[in-house]
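As structure tokens, the structure follows; a few thoughts come after it.
The values are calculated or read from the model by the stated rules, or taken from the named source; none is laboratory data. As the structure is a prediction and not an experimental result, all values here were calculated from the model. Here the Cβ is made from the backbone with ideal geometry for all residues, glycine too, and neighbour counts use every protein chain on show. The area values use the complete protein model at the heavy-atom level, side chains included, leaving out ligands, DNA and RNA. Shrake-Rupley method; radii C 1.70, N 1.55, O 1.52, S 1.80 Å.
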Amino acid sequence: MKQICTEQLLEMGVDIPDVDVEAGNLSGGQRQVIAIARAVYFGARVLILDEPTAALGVKQSGAVLRMVAAVRDKGVAVVLVTHNPHHAYLVGDHFTILKLGRQELDAPRAQVTLEELTHQMAGGGELEALSHELGRG
């Protein structure tokens, strides 16, 4: 079991120095990556990740995003829910923004710049109206 775990993690680009360590003793980023690797190993065809980098530092977020990209490249569909446009743009192929249950944006990566995605995620027209209202626009 330990050998399979080590081999599979290394194949997926995950470096966990000691597979005997309980998951609760790993960093937040390591736990996220382990959870993704476990799902893929057991045959997941779709992963829904809700704010997987929310409580992580830059380095740990990078490890999770690298794992998301690797899983995506293996053909697993990944739905990444995030409030961070930079993270979304790094790994996303298609972007959908929902506001109060309504779709505000639905576009492939080729049709959206990071600036447009950031603007839409920040509130778009509402943010511009607020800026004007506060005399900052």
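Structure values in brief
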read-out	value
Among (1) touching a residue at least 24 places away in the same chain (Cβ under 8 Å); (2) open to solvent by 100 Å² or more (accessible area, probe 1.4 Å); (3) under 30 Å from E126 (Cα atoms) - the single one K59 does not satisfy	(3)
Yes/no for L56 being under 20 Å from H87 (Cα atoms) and outside any helix (DSSP H, G or I)	yes
Filter result (part of a loop (DSSP other than H, G, I, E, B) and surrounded by fewer than 16 Cβ atoms within 10 Å (Cβ to Cβ)) within the stretch 1-25	M1, G13, D15, P17, D18, V19, D20, V21, E22
Tally, over the stretch 99-113, of residues that are at pLDDT 95 or above, assigned to a loop (DSSP other than H, G, I, E, B) and either open to solvent by 90 Å² or more (accessible area, probe 1.4 Å) or among the aliphatic types (A, V, I, L, M) (or both)	1
Residue tally, condition under 20 Å from Q32 (Cβ atoms), open to solvent by 70 Å² or more (accessible area, probe 1.4 Å) and either part of a helix (DSSP H, G or I) or of a type in the set (D, E) (or both), over the stretch 74-98	2
